[in-house]
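Accompanying notes for the structure given below.
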Amino acid sequence: MKPRVLSGVQPSGNLHIGNYLGALKNWVRLQHDYECIYCIVDLHAVTVYQEPKELLSKIRETAALFLAAGIDPKISSVIVQSSVPAHAELAWMLTCVTPMGWLSRMTQFKAKSEKQETVGSGLFQYPVLMAADILLYQAAIVPVGDDQSQHLELTRDVAQRFNSLYGDTFVVPETKLPAVGARVMGLDDPLKKMSKSEPGAGHAIALLDPPDVIRKKFARATTDSNPCVDFGGLAPGVENLLNIFQAFAEWPDERMRSHFAGMRYGELKKQVAEMVIGRLEPLQSRYREITSEPGYLDGILREGADRVAPLANATVDLVKSRMGLYVRP
Ligand code: ATP
Ligand code: LTN
């Protein structure tokens, strides 16, 4: 049996090249060597308010983008988190073994709760639900961007704590970060991670942005007051542009240096934009195909949920019996 991989993306806005380079691109590569489950984590998205009508269309859009990026539903399971109730069920049991102190150290909670007028307790519990997503399937590997490393450490701690309290139950998962593109920064502010929920029009390149919009956003990207690329002292904005290019082009460091050293920023921005446009073009045309076929997406999501539900239910029953809860005969 192949080891299992699980990962997820929130349907909380427009997916961007950070999501692609940090997560989706790696997911596609792992499909052939592992049994993969890729999840649209709608229950995570509602830890902050989402407009109901928009959320539903974002769930569908995110699923279509998974497929357009190259996730093959014949070999990988694509699921919507809330359609497999065992995620929420296991999350409750794990909540009971997770000390509040561990959760209050999470930097994402601190950052997100600062932006809210009232903070729902779901936002605090967010990493426990994420641990449940992973441990439910006994996943060995979790491919994510760098911002999720702390949540993954917590998942490992929760698994180990449960195993030591109740006996060996969970596989303790490993984090898998991409070599380049693990942390794509905002184009308007290269000190901030590119994020779906940042409002600025020039902040992120969405996967469905048309070529002209991509060119404009790169043309306006923040650099510094130098005229050209100097590898001896790269400004964060310039380093970010080079990283984006390298992650898409998959060029080695030496080629990057010899090609870009001394290049004027205007030309650098043009070349990065054309690289990104060229790489997104096949994804965008597959997206149009997928979304023009009525019923196709729902069929994939139903199949995915049907395929994984028995695995998920078996773990919930195992956890119940370990904890001494009643397991329905
Ligand atoms: P939100 O702003 O709603 O929190 P997000 O843009 O941070 O959204 P998530 O749904 O939280 O995106 O993340 C999905 C996946 O994309 C995760 O694996 C995450 O690590 C990765 N990811 C998100 N932003 C980046 C980024 N800027 N660079 C690299 N990877 C990223
Ligand atoms: N918290 C993650 C999304 C997420 C996830 C997961 C990632 C929810 N459940 C399980 C990997 C495995 C984020 O990207 N913000």
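Side notes on the structure shown:
- Here D168 meets the list (1) of a type in the set (D, E); (2) part of a loop (DSSP other than H, G, I, E, B); (3) touching a helix residue (DSSP H, G or I) at 6+ places or on another chain (Cβ under 8 Å) almost entirely, failing just condition (3).
- Only a single item in (1) away from ligand 1 (no atom under 13 Å from the Cβ); (2) surrounded by fewer than 14 Cβ atoms within 10 Å (Cβ to Cβ) is not met by A86, and it is number (2).
- Residue in the range 108-145 that is farthest from E35 (Cα to Cα), counting only those that are within 12 Å of ligand 2 (Cβ to nearest atom) and surrounded by fewer than 16 Cβ atoms within 10 Å (Cβ to Cβ): A111
- Among the residues of the range 202-215, those identified as touching a residue at least 12 places away in the same chain (Cβ under 8 Å) and either more than 11 Å from N14 (Cβ to Cβ) or small (G, A, S) (or both) are G202, A204, A206, P211, I214, R215.
- Checking each residue in the range 116-146 for being within 13 Å of ligand 1 (Cβ to nearest atom) and without any contact (Cβ under 8 Å) to a residue 60 or more places away in the chain picks out only P127.
- So E293, is it on the phi < 0 side of the Ramachandran plot, part of a helix (DSSP H, G or I) and without any contact (Cβ under 8 Å) to a residue 12 or more places away in the chain: no
- Cross-chain or 6+ apart pairs with Cβ under 9 Å, the range 243-266 first and under 18 Å from D230 (Cβ atoms), then acidic (D, E) and assigned to a helix (DSSP H, G or I): Q246/D253
- Filter pass, L234 being without any contact (Cβ under 8 Å) to a residue 24 or more places away in the chain, not in a strand (DSSP E or B) and not small (G, A, S): yes
- Only helices (runs of 4 or more DSSP H) whose full extent lies in the range 1-85 are considered here, and the ones with at least 3 residues that are more than 14 Å from ligand 2 (Cβ to nearest atom) are 25-30, 52-69.
Conditions tested, residue by residue: (1) touching a helix residue (DSSP H, G or I) at 6+ places or on another chain (Cβ under 6 Å); (2) closer than 30 Å to Y137 by Cβ.
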position	(1), (2)
H203	no, no
T222	yes, no
D253	no, no
E289	no, yes
D298	no, yes
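- Residues satisfying the criterion are absent from the range 56-72 (criterion: within 15 Å of ligand 1 (Cβ to nearest atom), surrounded by fewer than 22 Cβ atoms within 10 Å (Cβ to Cβ), more than 14 Å from A305 (Cα to Cα) and without any contact (Cβ under 8 Å) to a residue 40 or more places away in the chain).
- Tally of residues being touching a Lys or Arg at 6+ places or on another chain (Cβ under 9 Å) and within 8 Å of ligand 2 (Cβ to nearest atom) across the range 146-156: 1
- Residue in the range 4-13 that is more than 16 Å from ligand 1 (Cβ to nearest atom), within 18 Å of the chain's Cα centre (by Cα), touching a residue at least 24 places away in the same chain (Cβ under 8 Å) and farther than 25 Å from V276 by Cβ present: yes
Every number here is computed from the coordinates shown, using simple stated rules; none is lab data. Note that the structure is a prediction, hence the values are computed from the model and not measured. No Cβ is skipped: glycine too gets one built from the backbone with ideal geometry, and neighbour counts run over all protein chains shown.
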